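The values are calculated or read from the model by the stated rules, or taken from the named source; none is laboratory data. A quick note: this is a predicted structure, and the numbers were derived from the prediction, not measured. Cβ placement follows ideal geometry from the backbone for every residue including glycine, while neighbour counts extend to all protein chains displayed.
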Amino acid sequence: MSKLINFRQPKELPYNPSNVDIRQQTLTVGNIVSMIVHEEIELWTESDFQRAKGLWTSKEKSRLIESLLMRIPLPVFYLDGSRRPWKIIDGLQRLSTFVDFIIYGNFALQNLEYAKEFEGFTFNELPFAHRRIITNTELLAYIINPGTPESVKFNIFQRINTSGVKLNRQELRNAYFSEFPSLFLRRLASHPLFIEMISSQISLKRMKDKEFLLRFFSFLKYRPLYQPPMDDFLDICMEQLVAQTDSEIKQIEDTYDLALQTCNRLFGSDAFKVWKPKLNRWKPAPNIALFEAWTTALSNLPRAFHRRLINNREFLINRYREAFDEKNFVNSITSGKTSIEGVEIRFYIINSLIEISL
């Protein structure tokens, strides 16, 4: 098992305040759009970051542009200028709107409150003077300087999350660790069996599929070190993905593939679902706690035993359904799923089921 290095100390400040190195900078809308177009600022695409497109309505986008036309100051933007390209910490939807309107002409103004004479106008259809008002509008940005420690940057990234629809923790992780960790989770999410058993049955709008997979990795590598809260544990494990060697990644992917194949052979479309004894049926949606427990347990099972488990499928399923009569087990995958006791109970029961079914 890999060592889990926590970059935050419990019950202490997560960093030395003297390490916070942030500058104030004024940029025009035209400047910042140009930086995005020339990839000096990273604007996530829908495949990279599922909330980058389609979160705001046309009305909300139009009202933002109307604010520029009315010369109303906008809230500050936060950017990570410590790496290239710069990352957007806060202001993603506003900057996406600027690019969509000015560069791509993806929407026309509508539902304006005051500048009604511009209803239905795209950027290029606005009078030249009004286009200049938009592009010359000054924006205040706080920019993290190079040399700022990672622990400081990630904590700022989590705290500075002030948009109307806040990023959830998995979206924050995916945005901050947007290189290998996010690419790795995306690769796991593209597995046909994961799509069939998980992605096709849950909402993907808030990166729930990536959280399923991060929990698999986290418990596969670091389960004995688990301490709640779950989100803090997952934050740390997301960072640890960077430290995995090529051979470790290959092993994780191989065992993940085998675990999914075995779960599919055992449960089919009912994999990772909760059995309802009184109704004599499975619940419709997969359960994240069952997913992490089954995939982790099967990933740790020697390959030679998987066939034996499949051959004893009927026995295993009958014993598994009986487990849902036990209150402790049900609590461990529902209300108590993030407690240490809940984690231990569900892993113990599923590992025991596998053992008696071999």
Practice problem: Quick one: which residue in Leu241, Leu260, Leu225, Leu220 is touching a His at 6+ places or on another chain (Cβ under 9 Å) and not acidic (Asp, Glu)? | Solution: Leu260
Quiz item: What residue, of Pro75, Pro85, is closer than 20 Å to Glu171 by Cα and surrounded by fewer than 20 Cβ atoms within 10 Å (Cβ to Cβ)?
Solution: Pro85
Quiz item: For segment 113-139, how many residues meet the condition of being crowded, with 18+ Cβ neighbours inside 10 Å, β-branched (Val, Ile, Thr) and out of contact with any strand residue (DSSP E or B) (no Cβ under 8 Å at 6 or more places or on another chain)?
Solution: 1
Quiz prompt | Residues located in segment 253-279, provided they are touching a Lys or Arg at 6+ places or on another chain (Cβ under 8 Å) and in a helix (DSSP H, G or I) | solution = Glu253, Leu258, Arg265, Leu266, Phe267
Exercise. Go through segment 279-335 and give me each residue that's among the β-branched types (Val, Ile, Thr), surrounded by 13 or more Cβ atoms within 10 Å (Cβ to Cβ), out of contact with any Phe, Trp or Tyr (no Cβ under 8 Å at 6 or more places or on another chain) and farther than 18 Å from Glu355 by Cα.
Key: Ile333
Quiz item: In segment 88-112, which residues are of a type in the set (Lys, Arg) and either at pLDDT below 90 or loosely packed, with under 15 Cβ neighbours inside 10 Å (or both)?
Solution: none
Quiz item: Gly268 passes all but one of (1) touching a residue at least 60 places away in the same chain (Cβ under 8 Å); (2) more than 24 Å from Glu344 (Cα to Cα); (3) not acidic (Asp, Glu); which number fails?
Solution: (1)
Quiz prompt | Positions within segment 67-86 being within 20 Å of the chain's Cα centre (by Cα) and either within 15 Å of Arg159 (Cα to Cα) or at pLDDT 95 or above (or both), in sequence order | solution = Tyr78, Leu79, Asp80
Quiz item: In segment 132-238, which helices (runs of 4 or more DSSP H) lie fully inside it and hold 3 or more residues that are under 20 Å from Thr295 (Cβ atoms) and in contact with a Ser or Thr (Cβ under 9 Å, 6 or more places away or on another chain)?
Solution: 208-222
Self-check item: Exclusive hit being within 27 Å of Asp100 (Cβ to Cβ), touching a strand residue (DSSP E or B) at 6+ places or on another chain (Cβ under 6 Å) and hydroxyl-bearing (Ser, Thr, Tyr), set Tyr176, Tyr142
Solution: Tyr142
Practice problem: Run down Arg313, Arg307 and say which single residue is out of contact with any helix residue (DSSP H, G or I) (no Cβ under 8 Å at 6 or more places or on another chain) and of a type in the set (Lys, Arg). | Solution: Arg307
Quiz item: Going through segment 319-358 one residue at a time, which ones are among the aromatic types (Phe, Trp, Tyr) and free of Cβ contacts under 8 Å to residues at least 12 places away in the same chain?
Solution: Tyr348
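For every residue, the table says whether it meets (1) modelled with pLDDT of 95 or more; (2) over 30 Å from Leu74 (Cα atoms); (3) not hydroxyl-bearing (Ser, Thr, Tyr).
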{"position": "Ser151", "(1), (2), (3)": "no, no, no"}
{"position": "Ala175", "(1), (2), (3)": "no, no, yes"}
{"position": "Pro181", "(1), (2), (3)": "no, yes, yes"}
{"position": "Ile195", "(1), (2), (3)": "yes, yes, yes"}
{"position": "Ile236", "(1), (2), (3)": "no, yes, yes"}
Quiz item: Out of (1) free of Cβ contacts under 8 Å to residues at least 40 places away in the same chain; (2) farther than 28 Å from Asn328 by Cβ, what's the single condition that is false for Pro181?
Solution: (1)
Quiz item: If you go through segment 280-308, how many residues are assigned to a loop (DSSP other than H, G, I, E, B) and either among the small types (Gly, Ala, Ser) or farther than 14 Å from Ile333 by Cα (or both)?
Solution: 4
